[in-house]
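Take a look at the structure set out below.
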Amino acid sequence: MPPRKIIIDTDPGQDDAVAILLALASPDKIEVLGITCVAGNVPLPLTSKNARIVCELAGRPDTRVFAGCDRPLGRDLVTAEHVHGKTGLDGPDLPDPVMPLQDQHAVDFIVDTLRAHAPGTVTLCPLGPLTNIAMAFEKAPDIIERVAGIVLMGGAYFEVGNITPAAEFNIYVDPQAANIVFKSGAPLTVMPLDVTHKALVTKPRNDAFRALGNAVGVAVSQMTDFFERYDKEKYGSAGAPLHDPCVTAYLIAPDLFSGRFINVEIETRSELTMGMTVADWWRVSGRAPNATFMGDVDADGFFALLTERLARL
Ligand code: RIB
Ligand code: CA
């Protein structure tokens, strides 16, 4: 089985960073065609800097990194420095990147890449607000049917919201973009908070990262040490939820996850519930299913996979 060709769309963010590291540690399973950056956890200049910091940490300065949209389609940007720190990658002390940012806009890279590859061969992996993906679909609707699949981190149902009582951050930041993507007809696999809140970096798991003995293990341990404080204080949880690496882990070992093929729609009108993923888990709406919405993960298997593969960098 040849490695799966993917584009990672991201707003690093410590958990995005771990997702990128896992992808770059897995060339047997994943070929990263490019990393497209979007404003989200922190503004675009920082997300596009952080993505390159992570590629260099992985020893992959050859990776092509593109800057994309610096604000949501129709709303002011909301960022999450309160979770990720002012740099977006607080925790480890990593050097500024030397590798260049590509000149091409991320949206154009997404469009050109999907047109250049055979239909059904490129998977999109959004880890942040869906602005770049939606812009690409609006600019070039012909690419939608060429997408092999979209595996994204976002949304919530049983876990409800983490940025408002109703909405998860990635969807909340750009609900219009999310609506475009969820209505596009592209095959969707969704990793909501329902799953990612079961992938917690407990102390033994963090110790295992640090014990890897490589720079990546130490950096990942320091990243999760930093951004766990917010969730531990808020939820009293046993550690940081590794949201975005669930996307990459799914590409490598899908059987770690379980969910349902259901209808998921996005609230785009009410400010009270703006960005809510209205997931028809009990199939009561009669609306056509459009997403495989994950509900559970084998957390021990997830961390065993992640730790084993980070050791390869
Ligand atoms: O709600 C969690 C998501 O928002 C993650 O992707 C995190 O990186 C932030 O982007
Ligand atoms: Ca993210």
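Quick notes on this one:
- Some residue of the range 267-276 being buried (at least 16 other Cβ atoms within 10 Å of the Cβ) and within 15 Å of MET153 (Cα to Cα): yes
- Some residue of the range 181-191 being under 21 Å from GLY295 (Cα atoms), of a type outside the set (Lys, Arg), buried (at least 20 other Cβ atoms within 10 Å of the Cβ) and touching a Phe, Trp or Tyr at 6+ places or on another chain (Cβ under 6 Å): yes
- Checking each residue of the range 219-236 against the condition of being more than 24 Å from GLU81 (Cβ to Cβ) and either open to solvent by 10 Å² or more (accessible area, probe 1.4 Å) or in contact (Cβ under 8 Å) with a residue 12 or more places away in the chain (or both) gives no match.
- Exactly one residue among PRO43, PRO12, PRO2, PRO27 is under 21 Å from ILE163 (Cα atoms), open to solvent by 10 Å² or more (accessible area, probe 1.4 Å) and either in contact (Cβ under 8 Å) with a residue 40 or more places away in the chain or more than 11 Å from the chain's Cα centre (by Cα) (or both), and that residue is PRO43.
- The residues in the range 65-91 that are over 18 Å from THR36 (Cα atoms) and either more than 16 Å from ligand 1 (Cβ to nearest atom) or not in a loop (DSSP other than H, G, I, E, B) (or both) can be counted, and the count is 6.
- When restricted to residues that are under 22 Å from THR248 (Cα atoms) and within 15 Å of ligand 1 (Cβ to nearest atom), the range 121-171 contains 24.
- Test result for THR123, within 23 Å of PRO175 (Cα to Cα) and polar (S, T, N, Q): yes
The values are calculated or read from the model by the stated rules, or taken from the named source; none is laboratory data. No experiment lies behind these values; they were computed from the predicted model shown. Counting neighbours? That spans all protein chains shown, and the Cβs are built from the backbone with ideal geometry, glycine included. Accessible surface areas use protein heavy atoms only, side chains included; no ligands, DNA or RNA. Shrake-Rupley method; radii C 1.70, N 1.55, O 1.52, S 1.80 Å.
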